[in-house]
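The values are calculated or read from the model by the stated rules, or taken from the named source; none is laboratory data. The shown structure was predicted, so the numbers you read here are calculated from the model rather than taken from an experiment. Cβ atoms come from the backbone with ideal geometry, glycine included; neighbour counts cover every protein chain shown. These accessible areas exclude ligands, DNA and RNA; they are computed on the full protein's heavy atoms, side chains included. Shrake-Rupley method; radii C 1.70, N 1.55, O 1.52, S 1.80 Å.
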Amino acid sequence: MRSIGPQAARIATPLISVVMANFQAGDKLVPAMQSVLRQSVADLELIVCDDASGDDSVAIVERFMRDDPRISLIRADANGGPARSRNRGLDAARGQWIAIVDSDDIIHPERFERLLAAVNHAGADLIADDLLHFYEDGAPASLLLGARQDTLFSVDAAQWVGAGFDGSAPLGYLKPMIRAEVLGDLRYDESLRIGEDYDLVLRLLLAGAAMSILPEPYYLYRRHSGSISHRLSVADLEAMIISQTVMRAWLGAVPSELAQAFDCRQEQLANGLAFEELVAAIKDRRLGQVASLLLSEPRLGRRLWQSFSEGRRRKAQAPRAKQVAGAVTLGASARHVPDYIPVEAEDWTAPRQRQAWLELADLGRGQPIDVTCPDQSAHYAAGFIPMARIREAVVHAERELVK
């Protein structure tokens, strides 16, 4: 492991340490890093942990480092997975708060400022925001949290474990910001390739940490075929089942609500494992195993058909979704631009207008789009457009005059 970074950047203690694990994100790394470096809270460090990438990722990071001393690079000699990469970043982090941002995602320019204000209001140790999913195939954007979760709310260990099994959103996908003194020496479980965020947060909650969730989608989560969280493999699910089994044995007796949540999750993981074993058998043309699984678990056939139907529907919708304008001008009069509310005036108990964020994200449908911003409301709104290339209205007008 080699750590590279300007020494001047290592003197002061930053407010926020951003840990970004990377493995061959390539050009996607550029908007990810830019979104961190352009935060309204400038008192931060960005620690990029490269996991032995074979593409030009390291060269991209080094190019950024020449212009911004807040960046440091940790290079691994061999690929070890996202949990190990993040642990290297956590070991090097010096901030009062720790934030995890993936190297193919994007964050809103005011994300950290608003999360800090929300967590101070709630008095919590962890704060997370909603995920705005944007799709490279042009499919409409979506939000992780359900409509009934529209104000700032708290989550305990039982709710965290049980999330996603009662019609609520699967909270384990969230990317919380964590108070460093609460995190302490706790690190990611490196045996997990998927679900490592869920596991880390659960151990913090079990240790007594308080968590709040703000249902505003300041984290823009890219969905593409190369994402390792796009679907679970047999090995991933087996590791998650083992991890939970070990944790249950270590905890011993727990409150009934938490025990029930664990049991429900264990059942869902087992069902997921059976389905992925079926998919793997189909891909490998192991017809005997396919027949055996379908006979022993008839519901697997229904789930397989549902997955197949959803895939066909997505493919049919994607070509039409890609037909979007290459430029747009935002303004306070546009119906999809919410009024700008300064952080200090934010009402954390007020319901969020969730449809406006989806309308904004769909202006680009995951593709680069030029956005002209004449006012502060427009700038704030543009932050929810994943691949927005922001232009000032006055600059745009001057260029038109020159023509």
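Using C-alpha pairs below 8 Å separated by at least 6 residues, the relative contact order for the range 111-169 is 21 percent. Near the amide H of I74, within less than 5 Å, lie the amide hydrogens of I4, V48, C49, D50, all on another chain or at least 5 residues away, with H placed in the peptide plane. Across the range 71-119, Cα-Cα distances exceeding 13 Å account for 68% of all pairs. Note that the range 93-102 has calculated 3J(HN,Hα) couplings of 5, 10, x, 6, 10, 10, 10, 9, 10, 6 Hz, one per residue in order, obtained from phi through the Karplus relation 6.51 cos²θ - 1.76 cosθ + 1.60 (θ = phi - 60°); glycine and proline are x.
Within the chain, the whole DSSP H helices whose Cα atoms reach 30 Å or more along their own axis and whose mean Kyte-Doolittle score is at least -0.5 are 256-283. In this label model, E257 and D77 are separated by 4.9 nm, measuring between points 7 Å along each Cα→Cβ vector.
When a/c reaches 1.5 or more, the comparison of a/b and b/c decides; with that in mind, is the range 235-279 rounded, prolate or oblate per its Cα gyration tensor?
The shape class here is oblate.
Taking other residues whose beta carbon is less than 12 angstrom from the beta carbon of L15, and scoring Lys, Arg as +1 and Asp, Glu as -1, yields 0.
With the alpha-carbon atoms of the range 1-126 aligned to their principal axes, the span from lowest to highest coordinate is 44, 28, 24 Å, starting with the largest.
What is the local net charge at D150, summed over the other residues whose Cβ is closer than 9 Å to its Cβ (Lys, Arg +1; Asp, Glu -1)?
After counting each charged neighbour, the total is +3.
Note on R248/F153: beta-carbon distance plugged into 1/(1 + (r/R0)^6) with R0 of 25 Å gives a FRET efficiency of 0.45. Once the other residues with Cβ under 12 Å from the Cβ of V182 are scored (Lys, Arg +1; Asp, Glu -1), what is the net sum? After counting each charged neighbour, the total is -1. Accessible surface calculations at 1.4 Å, restricted to protein heavy atoms, place the chain at 47 Å² per residue. A Förster radius of 30 Å, combined with the Cβ-Cβ distance separating E359 from E392, puts the computed FRET efficiency at roughly 0.85. The packing ranking, built from the mean of other Cβ atoms within 10 Å per residue, places the peptides 71-77, 247-253 in the order 71-77, 247-253, highest first.
For the listed peptides 105-111, 385-391, a ranking on the average number of other beta carbons within 10 Å per residue, highest first, reads 105-111, 385-391. In a fully extended conformation the segment linking D137 and I282 would gain 49.7 nm over its present Cα-Cα distance, using 0.36 nm per residue. Rounded, prolate or oblate: which one fits the range 107-243, using the alpha carbon gyration tensor with axes a ≥ b ≥ c (rounded when a/c is under 1.5, else prolate when a/b beats b/c, else oblate)? Oblate. Normalising the average separation of contacting C-alpha pairs (under 8 angstrom, six or more residues apart) by the number of residues puts the relative contact order of the chain at 17 percent. Close amide-amide hydrogen proximity is noted between L131 and L144, L145, each under 5 Å apart and 5 or more residues distant or on a separate chain (H modeled in the peptide plane; Pro and chain starts excluded).
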